[in-house]
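Notes to accompany the following structure.
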């Protein structure tokens, strides 16, 4: 992931095509065998076998595109800058630096710049969400015990 990656939002036509494609693709998502996609133009057609995990990823990309969102596919082993990690976590860059210095997210330095593996940032985000959900469930249970309505 690099700071120079430009995300281009889909056009309305892109979103419409994506909505149609995801609708048609959804019938095939639960099939264990590989899916063959037909490609080509002007009389030359061919089929390409697609692994199930790629079809699932394609479905997610199409859903986001249909919603008008720009999409980026990044290898799990890629690295992020502190600014990119902050954007990913929806927090400030100084907050990310604090997390790094506290050892909550591993990092390494390239020269004087910190680099963080996407996998580590995603793991931190997953742990934080689990903690948040657990706290929310605890509050919900307390509210039910106290017969509070909300």
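Looking at 72, 59, 92, 83, just one residue is within 17 Å of residue 7 (Cβ to Cβ) and touching a helix residue (DSSP H, G or I) at 6+ places or on another chain (Cβ under 7 Å), and that residue is 83.
Can you tell me which residue in region 15-44 is farthest from residue 56 (Cα to Cα), limited to those that are touching a helix residue (DSSP H, G or I) at 6+ places or on another chain (Cβ under 6 Å) and at pLDDT 85 or above? That would be 15. Suppose the filter is surrounded by fewer than 13 Cβ atoms within 10 Å (Cβ to Cβ) and within 25 Å of residue 13 (Cβ to Cβ); does residue 142 pass it? So residue 142 fails the test.
For region 138-146, indicate whether the set of residues that are closer than 24 Å to residue 7 by Cβ and free of Cβ contacts under 8 Å to residues at least 60 places away in the same chain is non-empty. Checked against the condition, which is being closer than 24 Å to residue 7 by Cβ and free of Cβ contacts under 8 Å to residues at least 60 places away in the same chain, region 138-146 yields no hits at all. Among the residues of region 92-108, just one is out of contact with any strand residue (DSSP E or B) (no Cβ under 7 Å at 6 or more places or on another chain) and closer than 18 Å to residue 77 by Cα, namely 106. Only one entry in 57, 62 is within 25 Å of residue 121 (Cα to Cα), in contact (Cβ under 8 Å) with a residue 24 or more places away in the chain and out of contact with any strand residue (DSSP E or B) (no Cβ under 8 Å at 6 or more places or on another chain), namely 62.
The values are calculated or read from the model by the stated rules, or taken from the named source; none is laboratory data. Small disclaimer: the values here were computed from a predicted structure and weren't measured. Every residue, glycine as well, gets a Cβ built from its backbone with ideal geometry; the counts of neighbours run over all protein chains shown.
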